[in-house]
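Here is the structure we will look at, set down as C-alpha cells.
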Amino acid sequence: MQMVSPVGRSSKTRITEWVQHYGVGYAFILPALAVYLFFVAYPFAESIYYSLTDWNGAQPVKHFVGLANYARLLSDHLLWQSLGHNLVWIIMGTISPIAIGLFLGVLLWSGARGMVVFRTVYFLPVILAEVVVAIIWNWIYHPLMGALNQLLRLIGLGSLARGWLGNPTTALPALIVAAIWAYYGFCFVVIMAGLQNVSLELVEAATIDGANAWQRFVHVIIPELRHVLTMITTLTMMGGFSVFGIVFVMTQGGPGTATQVIATYTYRKAFQENSIGYGAALSMVMTVLSLVSSYVFIRLRERGE
Amino acid sequence: MAMTAQRIRGVRRRRPARYWVFKFFQYGALIFFALLCIIPLFWIVSTAFKTTAEVAANPLGPPPELHWQNFVQAWVQGRFGKYLRNSIYVSVPIVLGVLGLACLAGYSFARFKLPGGNIIFYVFLLGLMVPFQSIMIPLFYILKDIGFLGTYWAMIMPSIALGLPFSIFFLRAFFLALPWELADAALIDGCDEVGVFWKVMLPLAGPGISSLAVFQFMGAWNSFLLPLIYMQKEELRPLVLGLMFFRNQYTQNYPLTMAGATIVMLPIVVVYVIFQRKFIQGLTAGAIKG
C-alpha cells in the first residue's frame with residue numbers, strides 16, 4: 001500500500017526520486033496547511049492572547065491584564081447560568097433524539113415497508129437552516145395563532161395555553177424541543193446504519209433461549225449498537241456546547257437571560273458590548289469544553305474501527 | 001419494541017391477533033413521527049399563500065385561495081434574488097476550495113510516509129476539536145486588517161480553512177482504503193506521482209468526494225454565525241442571513257415572513273427529495289464509516 005522507499009541506486013537518481021516522492025508529498029500538503037495555519041491556527045493563538053487583555057476593540061494598544069478575565073469568569077453569575085442552560089440542553093437534547101431515533105429505527109428494522117420514504121421524511125428537517133427551523137417553531141409557539149395552543153384548546157386543555165417563548169420557565173424547554181425536532185432524523189439514520197450490522201443469528205439465539213422482545217432489545221440489540229450510540233452521543237454533546245443559531249433567532253437569549261447559552265453570551269459580550277478581551281476568555285471556556293468532548297469522540301471513533 | 005420474531009420465524013400463513021396489534025402500533029408510530037416532520041413545513045407554505053386577515057381567521061388550515069402576492073412582495077422587498085446570488089457566490093468557491101485542498105492533502109497523507117507527516121496530520125486533527133467560536137473574535141480583526149471584510153472573501157476563506165480538518169481526515173481514510181496496487185502499476189508504466197494522483201487514484205475516490213461535497217455545500221449554505229459576524233453589509237448577506245433580517249423587519253406580517261421562509265427553504269427541499277440518498281450519505285459522513 002505504501003511507497004517503494006527511495007533507496008539504493010546511484011545518489012543522483014536517489015535525489016531525483018526523493019524529490020519525486022517527498023517533494024510531491026509536501027507540495028500537496030502545503031496549500032491546505034498554509035490556509036489552515038493563517039485562518040485557524042493563527043486566530044486561535046490570537047484568541048488566547050486577547051483573553052489576557054482588556055481590549056475593547058477600539059484602543060490602539062491592547063492592555064495586558066494577565067489572568068484577570070479568567071478570575072472574572074469564576075464570579076460571573078451569567079456565565080454559570082448560561083453553562084447551566086447548555087447542560088440542560090445537552091442532557092435533554094442528547095437523550096431525546098437518540099431515544100426517538102432508536103425507537104423508530106427498531107420499529108422499521110422489525111420488518112416495516114417504506115424504508116426509503118420514512119428515511120427521506122425523517123431526515124427532511126435536518127437539511128433546514130436554523131433560521132428556517134426558528135421561524136417554523138416561533139409560529140408553532142405563537143400565543144394566539146400557534147399550533148400548540150390551538151391544539152391544547154381543541155382537546156380542552158386551553159388553560160395550559162401560554163406564550164411558550166415569553167415565559168422564563170418554558171422558553172428553554174421550548175427551544176430544546178425545536179432543536180430535537182430538527183435533529184432526530186439524523187440520529188435515526190445513523191442508528192439505522194448500525195442496525196444493519198446487528199447479527200440476526202444473535203437475535204435468533206436469544207429468542208430460542210426464551211428472551212422476550214424487551215429482553216432482546218436491552219441485552220442483544222443495544223450492546224450491538226454500542227459503538228454507534230457512543231459516537232452519536234459524543235457528537236451531539238459537542239453540538240450542545242456550541243448551540244447558537246436557534247437561540248439567537250428565536251429568543252435572543254431572553255426573556256431576560258432565561259435562554260442565554262454560552263455561545264449567545266459570548267457573542268453578546270464580544271460583538272454587542274465590545275468587551276473583546278472578556279469575550280475571548282469566554283470563547284476559551286467553549287474551547288476547553290469542546291476539546292474534552294471531541295477528544296473522547298475521536299478516541300471512540302478510532303476504537304470502533 | 002424489537003419485534004423481530006416474525007422475521008426470524010419466517011412468514012406464517014395465519015397470523016395471530018397480536019401480530020396485527022403490533023403492526024397497527026408500528027405503522028401508527030412511524031406515520032406519527034413522519035407527520036411531525038411534514039406538517040410544520042405545510043403550515044409555513046400554506047400561511048405564505050394567505051392574506052393577513054385569513055391567517056388571523058384560520059391560522060392552521062389550508063389557504064382558501066392562493067395569494068401569490070406575498071411571494072412577489074417578499075422577493076422584491078426582501079431582495080431574496082440578491083441574497084440567493086450571494087449564497088451561490090460564497091458556497092461554490094467554498095466547496096471547490098475545500099475539496100481541492102483537502103484532496104491534495106488527504107491523498108498525500110495516505111500515499112507518502114513523509115518525515116514529519118504525522119505531526120502535520122495531528123495539527124490538522126486539532127482543528128477538528130476547535131469550535132468556530134474559539135477563533136471568531138480575532139478572525140474578525142484579521143479579516144479587517146487584510147481587507148477581506150466587506151467582500152465575499154471574508155466568508156469564503158475562513159469557511160475553507162474551517163472545513164479542511166474534517167475533510168482531510170475523511171479523505172485520508174477514504175484514500176487509504178483504495179487498491180494501491182493500481183498506483184504501483186501506473187508508476188511502473190511510466191506515470192509520475194502527479195499523474196498517479198490525477199489519473200488513477202482521484203477518479204477512484206469519486207464517491208467519497210461527492211459525499212464530502214454535499215456535506216460542505218450544506219454547511220456553507222446553512223452557515224449562520226459566520227456570515228452574521230463577517231458579512232454584516234446588506235449587499236453581502238447570504239439567503240439565511242437575509243431571511244433573519246427580513247423576519248425582524250416584518251415581525252407582525254406572518255404571511256410575508258412565511259413567503260420568505262418558503263423561498264429560502266423550497267429549492268433545497270426539492271433538490272434533497274430528488275437526491276435524498278446522496279444527501280443523507282453526505283450529511284452523515286462524519287458519523288457513519290465510509
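The protection proxy used here, the mean number of other Cβ atoms lying within 10 Å of each residue, ranks peptides B:111-122, A:43-54, A:231-242 as follows, highest first: A:231-242, A:43-54, B:111-122.
For the range A:214-259, the convex hull spanned by the alpha carbon atoms encloses 105 Å³ per residue.
Note down the relative contact order for the range B:5-69 as a percent, whole number, built from C-alpha pairs under 8 angstrom at least six residues apart. Let's see the in-between values first.
On the way: 22 pairs, mean separation 15.0, N = 65.
Relative contact order of the range B:5-69: 23 percent.
Neighbour counts of other C-beta atoms within 10 Å: give me A:I276, A:I90 arranged from fewest to most.
In order of increasing Cβ crowding within 10 Å: A:I90, A:I276.
Would you kindly give the portion of the calculated P(r) for chain B that falls above 26 Å, as a percent of all Cα pairs? Don't jump to the answer; show the numbers that get you there.
Numbers: 25485 of 41905 pairs.
Value for chain B (Cα pairs over 26 Å): 61 percent.
With the alpha-carbon atoms of the range B:5-69 aligned to their principal axes, the span from lowest to highest coordinate is 59, 17, 16 Å, starting with the largest. Peptide B:42-52 is shielded by partner chain Cβ atoms: per residue, an average of 1 of them sit within 10 Å of its Cβ.
Using DSSP H assignments, which helices in chain A have an axial alpha-carbon span of 30 Å or above and a mean Kyte-Doolittle hydropathy of -1.0 or higher? Write out the running numbers ahead of the final one.
Details: long enough: A:77-109 (47 Å, 1.40); A:276-304 (41 Å, 0.91).
Helices passing the filter in chain A: A:77-109, A:276-304.
Here the residues B:C191, B:C37, ranked from fewest to most Cβ neighbours within 10 Å of their Cβ, fall in the order B:C191, B:C37.
Measuring spread by the Cα atoms of the range B:79-249 yields a radius of gyration and Dmax of 18.7, 66 Å. Comparing A:H142, A:H21, A:H219 in a Gaussian network model of chain A, where Cα atoms under 10 Å apart are tied by springs, the biggest mean-square fluctuation is seen for A:H21.
Counting partner chain Cβ atoms within 10 Å of every residue's Cβ in A:16-25, what's the average?
Details: counts 0, 0, 0, 1, 4, 5, 7, 2, 10, 11.
Per residue, the average neighbour count from other chains is 4.
3J(HN,Hα) couplings calculated from phi for the range B:266-278 with the Karplus curve 6.51 cos²θ - 1.76 cosθ + 1.60 (θ = phi - 60°) are, in sequence order, 4, x, 5, 4, 5, 4, 4, 4, 5, 10, 4, 4, 5 Hz; Gly and Pro show x. Using alpha carbons only, the radius of gyration of the range B:87-139 set against its Kirkwood radius gives Rg/Rh = 1.07. Working note: Karplus 6.51/-1.76/1.60 with θ = phi - 60° gives the range B:244-261 the couplings 5, 5, 4, 5, 5, 7, 10, 3, 8, 8, 5, x, 5, 4, 5, 5, x, 4 Hz, where Gly and Pro are set to x. Using only the Cα atoms of chain A, each taken as one equal point scatterer with no solvent, compute I(q) by the Debye sum, divide by I(0), and report log10 of the ratio at q = 0.11, 0.15, 0.16 Å⁻¹. With no solvent term, the Cα-only Debye profile gives -0.91, -1.22, -1.28. If you wrap the protein assembly as shown in the convex hull of its Cα atoms and look at it from every side, the mean projected area works out to 33.6 nm². Peptide B:24-37 shows a mean partner chain C-beta count of 5 within 10 Å per residue C-beta.
Length gained on full extension, A:I298 to A:N212, computed as 0.36 nm times the residue gap minus the Cα-Cα distance: 27.4 nm.
Close amide-amide hydrogen proximity is noted between A:T53 and A:V65, each under 5 Å apart and 5 or more residues distant or on a separate chain (H modeled in the peptide plane; Pro and chain starts excluded).
Here, each number is a calculation from the coordinates, and none is a lab measurement. Since this is a predicted model, take the numbers as computed values, not measurements. Because the Cβ atoms are built from the backbone with ideal geometry, glycine has one as well, and the counts that use them run over all protein chains shown.
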